[in-house]
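Trainee: Got a structure here, written out as structure tokens. Questions coming.
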4 protein chains.
Amino acid sequence: MRQERDLHPQIEARVRESFARQNAMATIGAKLGNVRAGEVEIVIPFDPRFTQQHGFLHAGITAMIVDTACGFAALSLMPPDAAVLTTEFKLNLLAPGQGQRFLARGRVVRPGKKLMVCLGEVFAETDGMPAKQTALMTASMMVIDGATGLSG
Amino acid sequence: MRQERDLHPQIEARVRESFARQNAMATIGAKLGNVRAGEVEIVIPFDPRFTQQHGFLHAGITAMIVDTACGFAALSLMPPDAAVLTTEFKLNLLAPGQGQRFLARGRVVRPGKKLMVCLGEVFAETDGMPAKQTALMTASMMVIDGATGLSG
Amino acid sequence: MRQERDLHPQIEARVRESFARQNAMATIGAKLGNVRAGEVEIVIPFDPRFTQQHGFLHAGITAMIVDTACGFAALSLMPPDAAVLTTEFKLNLLAPGQGQRFLARGRVVRPGKKLMVCLGEVFAETDGMPAKQTALMTASMMVIDGATGLSG
Amino acid sequence: MRQERDLHPQIEARVRESFARQNAMATIGAKLGNVRAGEVEIVIPFDPRFTQQHGFLHAGITAMIVDTACGFAALSLMPPDAAVLTTEFKLNLLAPGQGQRFLARGRVVRPGKKLMVCLGEVFAETDGMPAKQTALMTASMMVIDGATGLSG
């Protein structure tokens, strides 16, 4: 699906500003990576505070970064007065959350006026090793009123 | 679907021991609630460190507690030498993550030898108010070898 | 979640009229079962024309009847000038599609003004045997304009 | 993800033979398209017998062809004595099922010994028009014993 690859600077500023208001992103040490129209990346370091019983990154953290990447990818294509609300996502876990850092990439595959559908991928990265995909997400993002935040 | 409601004490001990090894659960302040054969509850307090841009609990944390509740519900029905691996989950978000605490309940709806399917629910609780369901999960849990942790 | 259990006769008539316009339902021999506010049932006979390679009912037909049951459950709670559009569903397959007939039940778990979330179940039935659940669905139903059928 | 693109003739024969045993595929007029290692296509004509209430292809038929395409994509990477079982799929509907024919493409994104994860896409095609994607699927395919067909 073709998308505009040049993003208006105000849109990027808006994504970065919304990202900065997500306490959860700061808490897990997340940084915004590339921000393009319809495609956003988020990176986190491995952090032993967020592991499951085998010492791998918890799937909930994987879900958190790729849901957020998908949400911002959707927001980047919305009008300035709109806000974004995740209504559902599905995550297939492809490999253990094992690596030095994790990169989540969200991409809009269906840009709609009321509903956007996104595809998300998460990769584990370790210096000197090829990146390995750990998760695949599909998500629905509803376009809501930015002033009221109401969904209905 | 009928399930054994009386859980062998060793099984409960095993769930509690595995829970204790999840750093992520300690980091978000999670506690195990009821542990029954095929049904497990997890409770967390609201914590402003884990909010999204509107100040609600991030959907990734919602996913984390209900995925974990589903995983332990599955583990409670597995043989002692088995371990559990989430292969996929889907989360429908029903209401904002707004409340004093959140209770996730996971329940096995298809106990299988290789694969268990679970249904999870999350409720926001606030003193003096009725609980409100915030999320609905379906998840697949694979039974893996507890010694090697290999999935294939 | 509380729902109105008494359904206005015009709503039931509307569900039955919309069902009658679905060619696919006639082609697979589907009948409407119970129609309540927020909960609708559909029944089909086993039909060897719709089997997969092992001789069981194809998962696509299972998806068809439970998606439709969920859609009508949502429609039953919508205003008279609205129409319903499935935006996504997930189906977990719990047992083979083996039986004399199949009953799908769709139920609204989140009645919203713009989006309804439904839970669906499918049961295989054989005379003289207990019913067996074969599938579990969660689905999102968007409320759209009944006149234009536009979704955006 | 790299995959072997040259498919052993016996594997292709096996996919075509399994396809031929699916009555549901014959009933809806489906044909196998390209069969590669890890990627399989299925095409159906638009058929008014399988429409929903607005005259578009029913989502259950869309699910049927893309689930089947994903299942055969998985089968193409399995050992000769294995069989394939769909354990779950999710379908996001991107556009109405409107066109002269529909092409479903299934692709393995995680080839595992016990579990394969597939990504599926469906496109509506009309002569003289660009193809339009109507659906996106993610699916889990379990590798089972081909002799007994048991899943556990």
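The values are calculated or read from the model by the stated rules, or taken from the named source; none is laboratory data. Everything numeric in this text was worked out from a predicted model, so none of it was measured. Quick reminder, even Gly has a Cβ in these numbers, built from the backbone with ideal geometry, and neighbours come from all protein chains shown.
Trainee: Is there a residue in region D:119-129 that is modelled with pLDDT under 95 and either under 21 Å from C:Gly60 (Cα atoms) or within 14 Å of chain B (Cβ to nearest Cβ) (or both)?
Mentor: no
Trainee: Also: I'd like to check something: does region D:125-135 contain any residue that is in contact with a Leu (Cβ under 9 Å, 6 or more places away or on another chain), more than 18 Å from D:Asp47 (Cβ to Cβ) and crowded, with 24+ Cβ neighbours inside 10 Å?
Mentor: No, every residue in region D:125-135 fails to be in contact with a Leu (Cβ under 9 Å, 6 or more places away or on another chain), more than 18 Å from D:Asp47 (Cβ to Cβ) and crowded, with 24+ Cβ neighbours inside 10 Å.
Trainee: Further question: Before we move on, is C:Met137 more than 30 Å from C:Gln53 (Cα to Cα), in a strand (DSSP E or B) and within 14 Å of chain A (Cβ to nearest Cβ)?
Mentor: When the stated conditions are applied, C:Met137 does not pass them.
Trainee: Exactly one condition in (1) more than 15 Å from A:Gly60 (Cα to Cα); (2) charged (D, E, K, R); (3) at the interface with another protein chain (Cβ under 9 Å from one of its Cβ atoms) is false for B:Arg105; which is it?
Mentor: The one condition B:Arg105 does not meet is (3).
Trainee: Quick check: anything in region D:113-121 within 21 Å of D:Ile28 (Cα to Cα) and not in a helix (DSSP H, G or I)? Quick ask: steps written out before the conclusion?
Mentor: From region D:113-121, those within 21 Å of D:Ile28 (Cα to Cα) are D:120-121; that's our starting set.
Still in the list and also not in a helix (DSSP H, G or I): D:120-121.
The answer is yes, given that some residue of region D:113-121 is within 21 Å of D:Ile28 (Cα to Cα) and not in a helix (DSSP H, G or I).
Trainee: Quick check on my filter: what residues within region A:36-57 are under 16 Å from A:Val122 (Cα atoms), of a type in the set (A, V, I, L, M, F, W, C) and more than 10 Å from every other protein chain (Cβ to nearest Cβ)?
Mentor: Once the filter is applied, which keeps residues that are under 16 Å from A:Val122 (Cα atoms), of a type in the set (A, V, I, L, M, F, W, C) and more than 10 Å from every other protein chain (Cβ to nearest Cβ), region A:36-57 yields A:Val40, A:Ile42, A:Val43, A:Ile44, A:Phe46.
Trainee: Does A:Met116 fit the bill of being within 14 Å of chain C (Cβ to nearest Cβ), modelled with pLDDT of 95 or more and touching a helix residue (DSSP H, G or I) at 6+ places or on another chain (Cβ under 6 Å)?
Mentor: yes
Trainee: Just to check your reading of the model, which residue among A:Thr87, A:Thr62, A:Thr68 is facing another protein chain (nearest Cβ under 7 Å), among the β-branched types (Val, Ile, Thr) and crowded, with 21+ Cβ neighbours inside 10 Å? Steps first, please.
Mentor: Working: A:Thr62 fails: facing another protein chain (nearest Cβ under 7 Å); A:Thr68 fails: facing another protein chain (nearest Cβ under 7 Å).
Going through A:Thr87, A:Thr62, A:Thr68 in turn, just one is facing another protein chain (nearest Cβ under 7 Å), among the β-branched types (Val, Ile, Thr) and crowded, with 21+ Cβ neighbours inside 10 Å: A:Thr87.
Trainee: Follow-up question, since we're still on this one. For region C:57-94, name all the residues that are touching a residue at least 40 places away in the same chain (Cβ under 8 Å) and of a type in the set (Gly, Ala, Ser).
Mentor: Scanning region C:57-94 gives C:Ala59, C:Ala63, C:Ala69, C:Gly71, C:Ala73, C:Ala74, C:Ser76, C:Ala82, C:Ala83.
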